[in-house]
Amino acid sequence: MLMLELLQNIHFSATQRDQLKNICSELLISVANGHDRDSISVYIQKLFLLINENFDNLNSGKKSSRIVLHLLELLDLQEPQGEVIRQQFSATTEFREQELKELATMINAQINPAATDSSIDHVMTTLLERLAIFEGASGKAHEIQASVHEGVEDVQWTDTLNDIVNSISGSLKKLDREKRELESFIVNVSEQLGEVTRAIADDQTDLQSNQEDTHSLQSYVHEGMNLIQKNVQSSTDLKALRSGISDNIDEINGGVDELVDRVKRRHKATLERNLRLTEQLSQMEQETQELQVMLHENREKLLYDALTGVYSRMAYDERIMQELARWTRYQTPFSYAILDIDHFKRINDNYGHNAGDKALKIIGQMMLKYVRQSDYVFRIGGEEFVLLLTSTPADQAARMVEKLRAGIAASSFHFKGEPVQLTLSVGITETRSDDDVETIYERADKALYKAKNSGRNCQFIAD
């Protein structure tokens, strides 16, 4: 009703009425679907722009101000800034283009406060930070990052983007190379394991052959001895007896020599196989150690934030799941805090990104000094950190965080001779029944938002 009353007092052209119809339809669908403020604010802004085009045609200035102020009351603006906006424009008797522009700017800042962080500089910085983590301290991304921090002219962006593309391409090639090395290692191990299997099979065959030859030798000797016995019993001529016994013994010796030769050949083949297997196993052990070192280095690189030295977002994703599983099983509580550097964008804008990097390093290292060995410090993105304080209730965590904030606020951080003030806003919570990754983060984030709205440089425990 209110929206219709406002729009009916404006004289739109036929084209503008079609635009108005589409905007209102999309707005109603968005509201009905329960979309967030970011989505709804797009349609509100479109309405304001369309109203601005014809605002001079409003029939009554007082009526228009009443409608706009009533519409302002219906918007779900965050406090205390929402109250500031309402007070600032409550005395306005007639909204014209300039007043509407100011009002729209203030509303957009409340509905979409993160919009100022979507600059190309911010996007490039985030991309390069993540690329640098993958490449390591000596990677090309660090050089590009330093160049972006120093400032890139418009005419230089083409070359800079080409450098970024080449760096990404190099990282992909590195991944592909490591993948191929791993595949080659797996194929090599498979072949060597096949060789071991064949050697075991050959040894089994040789063992069986040795057993068969031993059995044959026993039978051969037994038959030879029987022949000698028969000759002794049946022979009456000593000379013939000697000749027969000699022939029987030669025949036995020939069989024994043949058996020994076969055993020797099998034994030699076994020694050669064992030597070959020993060499292959030694090579496998060396390759395995090299692979383990490479995997360890890559994992360490991904688990730690290259800039600050604290744990990375990947480490956070792993640890928070482990701690929540421990909480679910053993009911061992822990505290969870989100820490955000106040006015960090202002530091980057006023002093440059090198100052911002230095601030992040200082804060990260100071956090490590204040927490216990059983606690965890993570940088989860930009200027946002998370603390996991094991076996710690929220009130104890708050005391530790208070000392941490005071220490950082009192730090003598200077950049190029100029003092730079560092403060933190913090939201704290502790585990509750049925907590998951999203609920515990959202609860701490609401407490952080409360700290931001209370003037920053403070902390709150979640309700």
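A few comments on the model shown:
- For region 340-355, 3J(HN,Hα) per residue [Karplus equation, 6.51 cos²θ - 1.76 cosθ + 1.60, θ = phi - 60°, Hz, x = Gly/Pro]: 10, 6, 5, 6, 5, 4, 5, 4, 4, 5, 7, 10, x, 5, 4, 5
- Backbone geometry of region 324-334 corresponds, through the Karplus equation with coefficients 6.51, -1.76 and 1.60 at θ = phi - 60°, to 3J(HN,Hα) couplings of 5, 5, 5, 4, 5, 7, 10, 6, 8, x, 9 Hz, x marking Gly and Pro.
- Interchain or long-range residues, amide H under 5 Å from N457's placed H: L424, S425
- With a cut-off of 12 Å between beta carbons, the residues surrounding I320 carry a summed charge of -3, where Lys and Arg count +1 and Asp and Glu -1.
- Rg/Rh for region 368-439, where both radii come from Cα atoms and Rh is the Kirkwood radius: 1.03
- If only the Cβ of Lys and Arg carry +1 and only the Cβ of Asp and Glu carry -1, the dipole of region 313-461 around its Cα centre is close to 480 debye.
- Förster-model FRET efficiency, 35 Å R0, K361 and T160, C-beta, rounded to 0.05: 0.90
- More than 12 angstrom apart: percent of Cα pairs within region 350-393: 64 percent
- Binned Cα-Cα distances of region 313-461, short to long, each 5 Å bin given as a whole percent: 2, 10, 19, 23, 19, 13, 7, 4, 2, 0, 0
- If you plug the beta carbon distance of K403 and M294 into 1/(1 + (r/R0)^6) with R0 = 51 Å, you get a FRET efficiency near 0.80.
- Model label sites at S374 and F415, defined 7 Å from Cα along the beta-carbon direction, differ in position by 3.8 nm.
Bear in mind these aren't lab numbers, they're just calculated from the coordinates by the rules spelled out. Just so it is clear, the structure is predicted and the values come from calculations on it, not from any experiment. Note that each Cβ is placed from the backbone with ideal geometry, even for glycine, and that neighbours are counted across all protein chains shown.
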